[in-house]
Amino acid sequence: MQEVALTPAELGQLDYLKSIWRERHLVALNEATVWARAIYPMLVLAEQDYIQAWAGVPLKAPYPTFQLEGEADGALAPEIGGKIQQPYLIVHEAKRGVNASPDPGVQLLGEMLAAAWLNWKKDDNPEQETFGCYTVAATWSFVHGIVSDIDSEKPVLTISFAPEYNGVSDAERILKILKAIVAKKHSEHN
């Protein structure tokens, strides 16, 4: 993916967000507060034209031998007439406490498979590139996926993981990754 530069305005907004994050102990905050203060604002900064940040994204994908259905915590996806279209990047906020999953990546991969199926239904491309990210408090973990054989009994998901990034100290890098994903998808559809 091509490197994306941040504007002075974006850097100023990031500095403001980081000052808020430093004042609070993000690990101690509940999930909804972390989402509102740390995760969603980063997604909003990555928006470009019709590609917007979304929360509570419904996903449903009836593969030939199994079905995926649920709701992703968030996404970057195009909008037409105020309605979300097929997502480019799925964001899964890892649950903590009693409802915690031992591996938040597993749920994210299911959500990425569902997003790939939705995109495949729209453009019928035999290979679908999909992006995902899961967050644990202020830590971001990005995943890149290629889904092939979507209409077969055994679809193939090939994944690669990026290093983990700290939401405060690596905020610029996180935003550059988000913006690069948006720019890539934006250029593919223009």
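Once you charge only the Cβ atoms, +1 for Lys and Arg and -1 for Asp and Glu, what is the size of the charge dipole of region 1-52 about its Cα centre, to the nearest 20 debye?
Computed about the Cα centre, the dipole is about 300 debye.
Once the dipole of the chain is set up with Lys and Arg at +1 and Asp and Glu at -1 on Cβ about the Cα centre, which of Thr158, Pro62, Ile90 lies farthest towards its positive end?
Ile90
Can you give me the Rg/Rh ratio for the chain, using Cα atoms for both radii and the Kirkwood formula for Rh?
Expressed as Rg/Rh, it is 0.96.
Between Gln13, Gln85, Gln67, find the one with the highest GNM mean-square fluctuation for the chain; connect C-alpha pairs within less than 10 Å.
Gln67
Could you give the angle, 0 to 90 degrees to the nearest 10, between helix 171-188's Cα long axis and the longest principal axis of the Cα atoms of the chain?
Once rounded, the angle reads 30 degrees.
Near Lys184, which lysines are there with a Cα under 17 Å away, not counting those fewer than 8 places off in the same chain?
Lys176
No value in this document is a laboratory result; all are computed from the given coordinates. Note that the structure is predicted; figures quoted are calculated from it, not measured. All Cβ positions, glycine included, derive from the backbone under ideal geometry; neighbour counts span all protein chains shown.
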